[in-house]
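Encoded as structure tokens, the structure appears first; notes follow it.
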């Protein structure tokens, strides 16, 4: 196979373990890995506590942000509304030294990735195009069209003459 892009699809060699070299090569690829599984949690509660009292402005800001469906850290909140009521999927409460935020919707905490196989394709060049095994997409289409025309003229003469 020939690669027509200047970038590789995946790393060019097989790796058995994760290393800085592999990570750097994966960062320069178009499609180095894909997700295979997710870690999901529901009804997540975050509690921020302080040795001193939490300022009213911070607590109010968190509660206001939560009521509008805002997210915190890696957790996301969304809100939906209808003509008769409004509903938020996150809530916040505060005390004198803590703020608690609860997310009722499922949250993606992380995901597992599968590394793609090594990209062993050759970068297309003038040298590759002079190779007898090389066929361009344009040549492939012309040859395929000729094959279809030959087939139709041999086996479907009556259909073509209508």
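Each reported figure results from applying straightforward, stated rules to the coordinates on display, with no laboratory input. Computed from a prediction, not measured in an experiment: that's the story for all the values here. Cβ atoms come from the backbone with ideal geometry, glycine included; neighbour counts cover every protein chain shown.
Ranked for footprinting exposure by Cβ neighbours inside 10 Å, fewest first, 47, 8 give 47, 8. What ranking do 34, 15 get, fewest neighbouring Cβ atoms within 10 angstrom at the top? Going from sparsest to densest Cβ surroundings: 34, 15. Compared with the direct C-alpha span, the chain from residue 50 to residue 20 gains 7.0 nm at full extension, assuming 0.36 nm per residue.
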